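To start, the structure under review is shown below, and the notes come after it.
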Amino acid sequence: MFGRISNTWSLMGQSWQILKQDKEMLIFPLISGICCILVTASFVIPMIANDSWMPPDVDTPDGQVREGTTKEQVLYYSKLFAFYCCTYLVMIFFNSAIIGCAAMRMNGQNPTVADGFRIAGARFPSIVGWALIAATVGLILRIIEDKNEKIGRFVAGLLGMAWSLISFLVLPVLVIENETPISALKKSTVMLKRTWGEQVIGGFSFGMIFFLLFLPALLIVGLGAISQSTTILIACIVIAVLYVIILSLIQSTLQVVFQTALYFYAKNGTAPLGFDNEVFQEAFHQR
C-alpha cells in the first residue's frame, strides 16, 4: 500500500516537472473556475429568488416529509440537469485543453495556450456528448441520493466511485484518439483492468499531499486572528485565499497531467516522455 503511494508521489513529482515546462497550462483551470462560478451564479441566484433551490421532497418542521408534485419534481430536476450539463461542459472543455497540451509535451512538442484551445475546440462535439452523458449519470446519482438520505447517499456514493473509475481515462481517449464518447468509455473500461489500483492510490495520494499543503492557509489565518489587528487579519485572509487559489490551480492541472501520462502507459505499456518507466512498471507490476 505505502509502496504504491510512494510510486504515485514520484509520478506526481514528474507531473510537476511537466507543468514547470508549460506553466501556461494553469490558465485553463483558472478560466474554468471563473466560468463555473458564473454558471453557478446564473442558476443559483434565480432559484433563490424564486425559492425553488430546495429539492421537491423536503423535511417539514414537524419531522414529516413533504413530497413534491410531479410538476415540481420535473421542474427541479430539469434545472439541475441543465446546471450539470453547463458545468460539466465547462470543466471537460478546459480539461481537454490541458490534456492536449500535456500530450504534446509528452510527445516531445512545445505546446502553447492556443494549441490547447485548438485541440479542445476540434473535439467540441464529442466534449458536448460526454458532458451530456456525465450530467445524466450525475442527475441519476442525485435522484438516488435525494430519495433516501441514508441508504440513497451510500448507494450513490458507491455508484459514483465505480463511475469515476471506469470513466477515468475517457477524456484522454476522447481527446488524443478522437473517439466518440461511447467508444472512449469502452476503451477506458478496458484500460481499467490495468490501471485501477494506481487510479485509486493516485487520487488518494494527490488529495493527501494537497491537504497537507492546504494547512499553511489555516495557519496564516490563525496568526491573523491572534494578532488582534483587523488590518493584519484582513491581509492574512487575502494571502490565504490567494494561496488556496494557486494551490487549487496546480492540483487540478497536475491531476489531468497525471491522467494523461497514465493513459499513455496503459495504452503503450511504456511511460511517456518526462516520466520514469521504472516507476510505472513498479506501480503496475501486479496487475
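Treat each spin label as a single point 7 Å out from the Cα along the C-beta direction, and report the Glu24 to Leu38 distance in nm.
It is 2.1 nm.
Calculate the spin-label point distance for Thr230 paired with Leu212, positioning each point 7 Å from the Cα along the beta-carbon direction, and give it in nanometres.
The answer from the label model is 3.9 nm.
Once the other residues with Cβ under 12 Å from the Cβ of Trp130 are scored (Lys, Arg +1; Asp, Glu -1), what is the net sum?
Value of the local net charge: 0.
Would you mind pulling out the separation of the Cα centroids of segment 212-231 and segment 108-184, in Å?
Computed from Cα coordinates, the inter-centre distance equals 37 Å.
Every number here is computed from the coordinates shown, using simple stated rules; none is lab data. Note that the structure is predicted; figures quoted are calculated from it, not measured. Cβ sites come from the backbone with ideal geometry, for glycine too, and all protein chains shown count toward neighbours.
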